[in-house]
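Accompanying notes for the structure given below.
The values are calculated or read from the model by the stated rules, or taken from the named source; none is laboratory data. Everything numeric in this text was worked out from a predicted model, so none of it was measured. Because the Cβ atoms are built from the backbone with ideal geometry, glycine has one as well, and the counts that use them run over all protein chains shown. These accessible areas exclude ligands, DNA and RNA; they are computed on the full protein's heavy atoms, side chains included. Shrake-Rupley method; radii C 1.70, N 1.55, O 1.52, S 1.80 Å.
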Amino acid sequence: MNTRKDLLLEWASERGFGSWAQFREAYAWLERESEMAPWETASLVARQMSALGHIEVDWRRRSWAAAPPVLTLLPSAGAHALLTGGRTRELCDRLAMALADRDDLYGLDPVEQPLAPSAILIACEDERAMRKLASALGIESAYSVSSQLAEILPPLRAYLDLAGSTPAPRGYGVQALDLADLSWRDVEEDREPGLYRYQAPDGRRFRLVEATGSVFDVDLAIGAFAALAIAGETGRLKWFRASLNGELQVPLRTPLPTLHARALALCSGFAPERHGRSLVYLNVPEKVARAVAGSLAQDLQVVG
């Protein structure tokens, strides 16, 4: 595996942790001669890697850390295991050797992705075979990380209860989120209920204002879905039924909180695909889709 995103993950895994500036510089160096899509940025790639469980990102403190490697079975996917978390060269070498010595496992060809590291999938006879492999590699294993995450997703109000704040300082440019098309528009005041964005010297800041006048210091993901809930816009997530699992469609301009994105991405091991103005997560069971929607105060729209 030597795609640029694989090399970025290897660099992050070997380094362990660092500042956002270091990650951005490493990304820029690896992509210096590539032809990228117009919308590709270091922050977008970092969000994809975070959703897939490879790294943890603290956007407020502008830092990141490699996540511990884990083998997990994908839900309703015929005993296929996914390697997530950090991916050092030593670990990849040990994995190749372990697969060569086992007849109850079959390493599939890595699946390259344009905005994320290649997906490493392993066909197993059963869960026991996966756990034996994880033990041999010295890493953790889990039956289905996506299902476990879906079961513990906190409600939107729990996020807000921890984010109470004072109004934003005056003197910064302010914009309000227009829920009709999820775009930003310049405003003079930030008193009406909704989500506001401020251009502060150290980066963008977001405040959510409720009808009661309560103010919350939020990130874009929590703030956007909270604003939709305040306005009664609760039908923005669509789940398309398939023969077994389905696909969940999320508006492109409302990124999901990290845990929600991870619960969905680890259903398949693939980063969400961009379809027009939406992001589509693959192989999502209805139970997981409903848990994600319910946590974000959305009524899941089932199609098909």
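General observations
- Top positive-direction residue, dipole computed over the chain with Cβ charges, set Gln199, Leu244, Ala180: Gln199
- Viscosity 1.306 mPa s, 10 °C: Kirkwood-radius Stokes-Einstein D of the chain over Cα pairs, µm²/s: 77
- Note on the chain: with a GNM built from Cα contacts shorter than 10 Å, the maximum mean-square fluctuation among Gln48, Gln113, Gln199 falls on Gln199.
- Normalised by the number of residues in the chain, the average gap of Cα pairs under 8 Å and 6 or more apart makes the relative contact order 17 percent.
- Stretch gain in nm, segment Glu14-Ala242, where the contour uses 0.36 nm per residue and the Cα spacing is subtracted: 78.2 nm
- Rounded D (µm²/s) - region 145-304, Kirkwood Rh over Cα pairs, Stokes-Einstein at 10 °C, 1.306 mPa s: 97
- Largest mean-square fluctuation among Ala168, Ala67, Ala12, in a Gaussian network model of the chain whose springs join Cα atoms under 10 Å apart, belongs to Ala168.
- Listed residue (Tyr106, Pro257, Ala211) projecting farthest to the positive dipole end of the chain, Cβ model: Ala211
- Highest to lowest packing among 145-156, 81-92, scored as the average C-beta count within 10 Å: 81-92, 145-156
- If you plug the beta carbon distance of Leu252 and Glu56 into 1/(1 + (r/R0)^6) with R0 = 22 Å, you get a FRET efficiency near 0.40.
- Inter-probe distance in nm under a simple model that places probes 7 Å from Cα toward Cβ, at Asp93 and Ala158: 4.2
- Mean-square fluctuations from a GNM of the chain, with a 10 angstrom spring cutoff on Cα atoms, peak among Leu264, Leu177, Leu282 at Leu177.
- Added length on full extension, which subtracts the Cα-Cα distance from 0.36 nm per residue, Glu40 to Asp104: 19.1 nm
- Overall, the accessible surface of the chain at a probe of 1.4 angstrom is composed of carbon and sulfur to the extent of 50 percent.
- Taking 18 Å as the straight-line reach from the Cα of Lys287, the lysines in range (excluding those fewer than 8 positions away in the same chain) are Lys238.
- For Gln22 and Asp181, the difference between the fully extended length at 0.36 nm per residue and the C-alpha to C-alpha distance is 53.8 nm.
- When only the Cβ of Lys, Arg, Asp and Glu is charged (+1, +1, -1, -1), the dipole of region 192-304 relative to its Cα centre reaches about 260 debye.
- For the chain, the longest principal axis of the alpha carbon atoms and the long axis of helix 127-137 meet at an angle near 90°.
- Rg and Dmax over the alpha-carbon atoms of region 95-189 stand at 23.5, 67 Å.
- Taken per residue, the accessible surface of the chain reaches 50 Å², heavy atoms only and a 1.4 Å probe.
- Principal-axis analysis of the Cα atoms of the chain puts helix 220-230 at an angle of about 60° to the longest axis.
- Nearest 10 degrees, 0 to 90: helix 4-15 Cα axis against the chain principal axis: 90
- Dipole moment magnitude, nearest 20 debye, region 140-257 about Cα centre, only Lys, Arg, Asp, Glu C-beta charged: 160
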